[in-house]
Structure formats: structure tokens, C-alpha cells
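Trainee: Please read through the structure below; I'll follow up with questions.
FYI, it's all coordinate maths here, none of it is from the lab. Computed from a prediction, not measured in an experiment: that's the story for all the values here. Cβ: placed from backbone, ideal geometry, glycine included. Neighbour counts: every protein chain shown.
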Amino acid sequence: MITLFGKSYPWTAPEILIPAAVLLVLALALLLILRAARRSAQSAEPLLRELMFMGQRVQSLSDGQERLTGGLHHVSEAQAHSQANMLRLMETRLADVQRQMTEALQGTSTRTARSLGELQQRLETIDKAQANIEKLSGNVLSLQDILSNKQTRGAFGEIQLHDIVQKALPSDSYTMQATLSNGRRADCLVHLPNPPGPIVIDAKFPLEAYEALRRAETPRQAQEAAQFLRTSVRNHLRAIADRYILDGETADGALMFLPSEAVYAELHANFPETVREGFALKVWIVSPTTCMATLNTMRAVLKDARMREQAGAIRKELSLLYGDIDRLSTRVDNLDRHFGQAAKDIEEIKISSDKATKRARRLDNFDFEELAPDPLPSPPALARPAE
């Protein structure tokens, strides 16, 4: 590096190479001149002119180098100014980008926090649903345990029957676990009027036979399961007919309550002969839905019977009401008569008051000559109040 006019340039820069070349040329020229001076004095004058010309050229090169140096300085200042402007612009742009990134990050953070909150709520909801599902699974397992035992299965049917009857009938129109004269205890005895009389509803649930039919995989298994279901239902129908249809005590029919719509549908779809056998025994099979409809019909019958029982009391009450209305009419007539007499008495009192006022005014003015003896009016007869 070499420094010229306050600027540093490398050795290979044109600003250095050109002057160096010029100096080298001058040195060679001087050598040539010295050699030529030795040879001939006559040739010295052209060489001097040539040297002067070369000196002028060197001066021109020096001036050009100065101008070039000034141009380079101007270019350097312009470049520095441009770089400063570029740096300020870049700083401004960088600040804007940083601000936008900060705002975007803040917005993203807010949305992320909100999303995490919503996700937390949904996870809590899912946890609650999972807990409910687990609880429901436990209840289903408990229900399966209940239905797997014959005694608990019977209790399940009785509870469902009691719930349906309780919703459909008044509390005094039925008896749960009623004991009949033969010592048999019916699940429900509905107190219908004669005819038809009290009717028994007994809950039965042939679940084992139905499940065997559902699990059958071969025609033989299906046939055996169908026979098992047919036999179970037939035995229930006959037991109800023998135990709960008593002459003179109950109606001539009874209801067998199946606490499963699926079993009820299976019987009516694929075992119509068993259903008809129940008709022959006067034992009608009902499901929860059809039992509710039947009980609503019984409720209408009970309502009609109670209306007939109360018909005499209603007629008696109507007769008493007619007597009360007749006495009220008589008393209204008496009151009207009393009001008429009172109006007449008030009119006569008003006439007497006017006469007394006129006499008092005459006495106040001493108009004795204008006073004339008037016959004393007889007092009005007051009407005797009616009893």
C-alpha cells in the first residue's frame, strides 16, 4: 500500500502504475540521452525537445491524476453518503419488521393462549364424558349382572311395572304385591269395577331363552332355542292363568308384562301361535308401551265408574243448589221491597223538611199573619220488615 494525497492505494492501482511507468520511461530516456550525448552533440537538441515534450506530457498526466484523485474523493463521499442512507433505511425497515413481528407474535401468543384455554375446556368436557361413559359402563355391567340372575331379573320387571302403573293410574286404584284368596301374590292388582272386576298384571322375563335364540349360529341351535323360548312363555302363560284368574274374585283375564320390547316383538313376529295360546287362556301379553296404553284405557274405565258412583251425590247436590237459589230469589225480592219503602220514606221526609224550613223562615221574619193553621199530618206508617 502507498499513500498519496491522503488516500491509500495498492501497488497495482492505476494511480500508482502510471506515474511509476512515467518515471521509468524518463529514466530510460535519460540513459538514452546520455548515450546519445556521447555519440553526438548535434543530436542533443532534438532530444532536449523530446524531453521537454515528455515533461509537458508528464505534467498533463500529473494534472489528470489530481483530477482523478478529486473524482475518486467525490465518488468516495457519495458512496459513504449512500451507504449512510442505506443503513438508515435498513434500520427503519428492520425496526418496522421487528415491530410487525412483535405484534404478530403477541397476536399469535394471544390466539395460542385462547386456543389452549378452549382446548383445556374441551379436554375437561371429554374427561367428564369419559367419566360418564365409565359410569354408564358400570351401570350396564350392573344391569347385566341383575339380568343374569332369575330372582333379580324378576325384581327388575316388578320395579319397571310399578313405575309404569304409578304413572298411569291413581294411587288408590291398584295394589302392588296383592295377596289373593288362594295365597298367591300378584305383582299388581288393578281394582276395576264389575264387570270385569279386579285384574292381575304379573311380570315375566324369559331372557335366557331369548338370549339363546339370539346366540344361535346353526339352524339346529336356532330350532332348539326357539323351542326353549316357546316352552318358557307357554309355562308363564299357564301359571298366570292358573294362579291369578279366580272366579268371583278377579276378572276373567290377566296380563303378562314383558319388560322388554325386543322380546315382545320377537314373540309377535315369530311365535304367533304362542300369543294365540295366551288369548285362549285369557292371558294377554303386554310390553312397556302396550301396557301403558292398556292402563290408560283402564284409567278411563275407572273414571267412568267413579262418575256413575257419584251420580246420586251429584243429583243431591244439584237439589240443594236449587233450594239455595230459590231462597236467594225470595230474599232478593224482599230486599227490593225494602228498598222501595225506604225510597218512599225518604221522599216524605224531604217534603216535611221543606215545610219546616218555610215555617222557620216566616218565624224569623215575624210574618205571623201569614201563618195559617195547617192540619197536622199524620206520621207515615213504616213498613214492617219481612222475615
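Trainee: Can you figure out the FRET efficiency of residue 224 with residue 280, using R₀ = 25 Å and their beta-carbon distance, to the nearest 0.05? All intermediate terms of the calculation are to be shown ahead of the outcome.
Mentor: On the way: r = 25 Å, r/R0 = 1.01.
Calculated transfer efficiency: 0.50.
Trainee: Same structure, new question: Looking only at Cα atoms, what is the convex hull volume of region 155-309 per residue, in Å³?
Mentor: Normalising the Cα hull of region 155-309 by residue number yields 106 Å³.
Trainee: Grab the other residues whose beta carbon is less than 13 angstrom from that of residue 185, score K and R as +1, D and E as -1, and report the net.
Mentor: -1
Trainee: Provide the per-residue ³J(HN,Hα) series for region 299-304, in order, calculated from phi with Karplus coefficients 6.51, -1.76, 1.60 and θ = phi - 60°, each as a whole number of Hz, with x at glycine and proline positions.
Mentor: 5, 5, 5, 4, 5, 5
Trainee: Sort out for me the Cα centre separation of region 98-133 from region 195-232, rounded to whole Å.
Mentor: Centre-to-centre (Cα) distance: 55 Å.
Trainee: Say each of residue 211 and residue 307 gets a label point 7 Å from the Cα, pointing the same way as Cα to Cβ; how far apart are those two points in nm?
Mentor: 4.8 nm
Trainee: Now, a different point. Calculate the spin-label point distance for residue 124 paired with residue 57, positioning each point 7 Å from the Cα along the beta-carbon direction, and give it in nanometres.
Mentor: My value for the distance between the label points is 9.7 nm.
Trainee: Once the piece of chain linking residue 96 and residue 353 is laid out straight, how much longer is it, given 0.36 nm per residue of separation minus the C-alpha distance between them?
Mentor: On the way: separation 257, 0.36 × 257 = 92.52 nm, distance 10.92 nm.
Taking 0.36 nm per residue and subtracting the Cα distance, the gain is 81.6 nm.
Trainee: Assuming a ≥ b ≥ c are the square roots of the Cα gyration tensor eigenvalues, decide whether region 245-320 counts as rounded (a/c under 1.5), prolate (otherwise, with a/b larger than b/c) or oblate.
Mentor: prolate
Trainee: Can I ask one more? Taking the simple approach of a point 7 Å from Cα along Cα-to-Cβ for both residue 361 and residue 332, what is their distance in nm?
Mentor: 4.5 nm
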